[in-house]
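Single-structure report; data block below.
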Amino acid sequence: MAVPKTRTSHSKRNMRRSHHALKLHGVSICANCSTVKPHHGICDSCGHYRGKQWLEPKKMNSSDTNFSAEG
């Protein structure tokens, strides 16, 4: 079995791992409501895609968010 003769330095190890970072997916701005939406996808807040209404807009309630005012 192969065993390394010398220890791998921090620099060499980190240079090898430089390509392991997660990449962000493309995001764009909705032309209808100017919110951030996924690239080539329907806007979550207004339901538009390429100038057409595809989905009903979401109604934001206080229960929809994960924030609670009680402590």
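The values are calculated or read from the model by the stated rules, or taken from the named source; none is laboratory data. Predicted model, so just to flag it, every value in this text is computed and none were measured. Please note: Cβ atoms are built from the backbone with ideal geometry, for glycine as well, and neighbour counts cover all protein chains shown. Please note that ligands, DNA and RNA were not included when accessible areas were found on the heavy atoms of the full protein model with its side chains. Shrake-Rupley method; radii C 1.70, N 1.55, O 1.52, S 1.80 Å.
Points worth noting:
- Single residue of 44, 64 found to be out of contact with any Pro (no Cβ under 8 Å at 6 or more places or on another chain), surrounded by 11 or more Cβ atoms within 10 Å (Cβ to Cβ), at pLDDT below 90 and acidic (Asp, Glu): 44
- Single residue of the range 1-28 satisfying the filter (within 14 Å of the chain's Cα centre (by Cα) and of a type outside the set (Gly, Ala, Ser)) that is nearest to residue 53 (Cα to Cα): 27
- The selection criterion, being part of a loop (DSSP other than H, G, I, E, B) and not hydrophobic (A, V, I, L, M, F, W, C), does not hold for residue 14.
- Unique residue being in contact with a Phe, Trp or Tyr (Cβ under 9 Å, 6 or more places away or on another chain), in a loop (DSSP other than H, G, I, E, B), open to solvent by 60 Å² or more (accessible area, probe 1.4 Å) and modelled with pLDDT under 90 when the list is 24, 55: 55
- Within the range 27-41, being in a loop (DSSP other than H, G, I, E, B) and open to solvent by 80 Å² or more (accessible area, probe 1.4 Å) holds for 31, 32, 34, 39, 40.
- Filter pass, residue 47 being touching a Leu at 6+ places or on another chain (Cβ under 6 Å) and not hydroxyl-bearing (Ser, Thr, Tyr): yes
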